[in-house]
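These notes are about the structure you will find just below.
The values are calculated or read from the model by the stated rules, or taken from the named source; none is laboratory data. Nothing here was measured: the structure is a model prediction, and the numbers come from that model. For neighbour counting, all protein chains shown are included, and Cβ atoms are generated from backbone atoms with ideal geometry for every residue, glycine included.
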Amino acid sequence: MFMRNPCILLLDDDTVFRRQMLAYLEVWGARVLEACTLTQGLQLARHWRPDLVLGNLRLPVHGRGSLLDEFSRHHVLAPFIAISGEGNMAEVAAALRAGAVDYLVKPVRHWSAVKRRLAACLLPPRVQEQRELAEFASHLAFYRRQDMAATRLLRDLGASGELRLGSWHLSCHYSTPWVLTQSVRLEQDLLLLAAEFDPLHQDTPMLMLLVAFLLHEPLRQYRSGTNRLLHSPARTLEYLNQRLFETALNASVNLMLLRLRADSNTLEVANGGMAGCDWLAGCNAGPLGRGEFTASPCHQPCRFPLQLNLSGSHGGRIQLTASRATY
């Protein structure tokens, strides 16, 4: 049985599967809303505000959008579990990138596993966060025991080179393997992350892996329209610091976030320990990984191509060049 009596929207045009799924959901204690078309599903979602949506990815939608796009466009914020047939894992992967929290593959063979996964998705956000932190702690323990595995994963994270993101062109060159850059498109703008790590600290491989993946959840929420955290480099830097602090790893991280605005030739920066110019020094809040951390945003006019020579406190250097094509 589920811990409470959740309301679940089941959206699938496969009558046999829908009846089978309905029977199990009701046995587990859920109140179930049934729909076989997108229009019916959206009407039920707007009226009843379900706790969870189970939706068949192959259900017809208008235009070129996906089922998740339609629910997001109509501001249905319930967690979405994608339903797909065997052999359609590419669309499942696309759904997970678009914001689905889990997926079910038809035909279902292990209903007890389905119950556990649905129950996990129905937990309150705070409980889910605690479970995710516990899971991450177990991953850290694994990488501590198997440092070779961490090193293997890190091998591709810090490669210098050229990158195109829409109309943006980035060039990144590093002096050591203990630095990391990432870039995320925010509609027409670009968010850049540059970080430097202590090469002599035993926790550095785990920290590099953590930082490499920390933007994934805010990006998923941004794309689903549920959270605009990434629009603010300062708030995002504070979010990253809190996540690093919660791991209880001892190494500090020098990290800068830079948002390049396409429509105004300006940048917004939040700096946690990186150096390179006067305006970076003026908003430097110090390395990340502390319990108390407050970022100070800085707005600065700029011209493209933008060239930055960044350095941290451990000798690492990053050369960044960002340009944007004009049409």
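When the range 75-127 is filtered for residues that are in a loop (DSSP other than H, G, I, E, B) and among the charged types (D, E, K, R), the ones remaining, listed by number, are E86, R109. When we screen Q307, Q319, Q300 for residues that are among the polar types (S, T, N, Q), assigned to a strand (DSSP E or B) and in contact with a helix residue (DSSP H, G or I) (Cβ under 7 Å, 6 or more places away or on another chain), the only hit is Q300.
Scanning the range 18-66 for residues that are farther than 17 Å from C121 by Cβ and hydrophobic (A, V, I, L, M, F, W, C) yields L22, A23, V27, A35, C36, L38, L42, L44, W48, L59, V61. For first residues located in the range 19-46 and in the same structural domain as A119 (by TED's automatic domain parsing) and within 18 Å of L118 (Cβ to Cβ), partners that are exposed (fewer than 13 other Cβ atoms within 10 Å of the Cβ) and among the polar types (S, T, N, Q) and lie 6+ apart or on another chain with Cβ distances below 9 Å form the pairs G29/N5; A30/N5; R31/N5. Taking first residues from the range 64-89 that are on the phi > 0 side of the Ramachandran plot and partners that are at pLDDT 85 or above and assigned to a helix (DSSP H, G or I), the Cβ contacts under 9 Å between residues at least 6 apart in sequence or on separate chains come to H75/R46.
Specify the residue that is surrounded by the fewest Cβ atoms within 10 Å (Cβ to Cβ); the eligible residues are those in the range 102-128 that are in contact with a Phe, Trp or Tyr (Cβ under 7 Å, 6 or more places away or on another chain) and farther than 16 Å from N56 by Cβ. Going through the qualifying residues, I end up with W111.
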